[in-house]
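First comes the structure, then the notes that go with it.
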Amino acid sequence: MAVRKHLQRVQLRDWEEIRFPAWPVDVTVELILEKLLVCLLQAGWADKIPFIWFWPDGFPSCAIMTHDVETEAGRDFCSGLMDLDDAYRIKSSFQVIPEGRYRVSESFLQEIRRRGFEINVHDLNHDGRLFNNWERFLVRAERINKHGREFGAAGFRSAVLYHNLDWYGALDFSYDMSVPSVGHLEAQRGGCCSVMPFFVGKVLELPVTTTQDYSLFHILNQHSTDLWKRQTARIMEKHGLASFIIHPDYLAEARARDTYKSLLAHLADLRSQRNMWIALPGEVNQWWRARSQMKLVPEGKAWMIEGPESDRARVAYAVLQDERLHYEVEPQGNCRRPPAEEYARVSRLTRTMAMGDKVMMHEQEL
Ligand SMILES: [Zn+2]
């Protein structure tokens, strides 16, 4: 452990000099989209631009808690970790390594399911070589897919957050959680520069948007929640997804456990005071997929949302307030009626607005 820590510090020593992506949270993608909205509003294309709000039931932001189970000791602490999470009414996901690390018994998986937590596949054998070679990757992907079916898992995370998005087509999972927003402290640097889910072909990516417990405790040498709080605050400003990786393996130490409990308490506060949606990764996946199928359509002169789970969706508007972008979210079932000429202009915007899957507009009148 001491040698590993030393080698990592040497390998990562220049991390503070990296200027892009931005530490400790990179929101470049969100800033580009905001800039686009501001340009359109300033150019007078519309007084306000409708879109389908990011989260269900009007929640302003979202968080997921995930646990990668690295060793036998970690596996044996999963029960205790579920007790900890439950004490704060936070359900989480457990990423389980299917081969070579520890025995995965049916009773272990059953307990996770029975208690309302989630199981995902964590790599194949966690040797850090999953993406080294295409032919070998295909062989491994087949085994990973088989384990996914046996576990009843819809989600995947690779070892050490290694990723190669071009190869995702071989993975039979609905979502992946292996791409950091900013990877300064990861073995594979770079990052997706976003705090929102996004599609990679048929796979939904739920990016890792906060610093892993291991990096916080052993690379940054911190046992405070300050960094996590700063990251969460920045993510909430952008209405994004705060995702955490906490390993049962590193919680044996009382100091680490106390830090984790402070994080859980902070998230529970954000849920009660700021209405943050704390969900399972599978629920976020289900929502984001449903949202990508929804359409904004005019009914009379009002904007309505059609599609699966649209009863949980809200119409939102991007507006300018004092030259700054601002979002207004409609309360349920209360769609505002746009004036006719504004509706015509907004409709023409459909193709101009390249807001990924985030904006789905009616294409009539183009
Ligand atoms: Zn791992």
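Suppose we filter L33, L40 for residues that are more than 22 Å from S158 (Cβ to Cβ), under 23 Å from the mean Cα position of the chain (by Cα) and not assigned by TED's automatic domain parsing to the domain that holds W228; which single one remains?
Working: L40 fails: under 23 Å from the mean Cα position of the chain (by Cα).
So the residue among L33, L40 that is more than 22 Å from S158 (Cβ to Cβ), under 23 Å from the mean Cα position of the chain (by Cα) and not assigned by TED's automatic domain parsing to the domain that holds W228 is L33.
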Residues of the range 235-251 that turn out to be away from the ligand (no atom under 16 Å from the Cβ), outside any helix (DSSP H, G or I) and of a type outside the set (K, R), as a count: 4
So which pairs qualify, if the first residue must be in the range 65-80 and within 9 Å of D249 (Cα to Cα) and in the same structural domain as A153 (by TED's automatic domain parsing), the second must be charged (D, E, K, R) and more than 10 Å from the ligand (Cβ to nearest atom), the Cβ gap must be under 6 Å, and the two must be at least 6 apart or on different chains? V69/R75
Within the range 156-190, track down each residue that is within 13 Å of the ligand (Cβ to nearest atom) and in a strand (DSSP E or B). F156, R157
Scanning the range 198-213 for residues that are in a loop (DSSP other than H, G, I, E, B) and either surrounded by fewer than 18 Cβ atoms within 10 Å (Cβ to Cβ) or touching a helix residue (DSSP H, G or I) at 6+ places or on another chain (Cβ under 7 Å) (or both) gives G201, K202, L206, T209, T210, T211
Counting only residues that are at pLDDT 95 or above and in a helix (DSSP H, G or I), how many does the range 214-233 have? 8
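Out of the strands (runs of 3 or more DSSP E) lying entirely within the range 1-114, which hold 3 or more residues that are modelled with pLDDT under 95 and small (G, A, S)?
Details: elements: 48-52, 62-69, 93-96.
No strands (runs of 3 or more DSSP E) qualify here.
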Looking at I144 and the list (1) within 18 Å of P281 (Cβ to Cβ); (2) assigned to a loop (DSSP other than H, G, I, E, B); (3) hydrophobic (A, V, I, L, M, F, W, C), which single condition is not satisfied? (2)
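Does S61 satisfy the criteria of being touching a Gly at 6+ places or on another chain (Cβ under 7 Å) and more than 16 Å from the ligand (Cβ to nearest atom)?
Numbers: touching a Gly at 6+ places or on another chain (Cβ under 7 Å): yes; more than 16 Å from the ligand (Cβ to nearest atom): yes.
Considered against the rule, which asks whether it is touching a Gly at 6+ places or on another chain (Cβ under 7 Å) and more than 16 Å from the ligand (Cβ to nearest atom), S61 comes out as yes.
The values are calculated or read from the model by the stated rules, or taken from the named source; none is laboratory data. What you see is a predicted model, and the numbers here were worked out from it, not measured in a lab. Cβ sites come from the backbone with ideal geometry, for glycine too, and all protein chains shown count toward neighbours.
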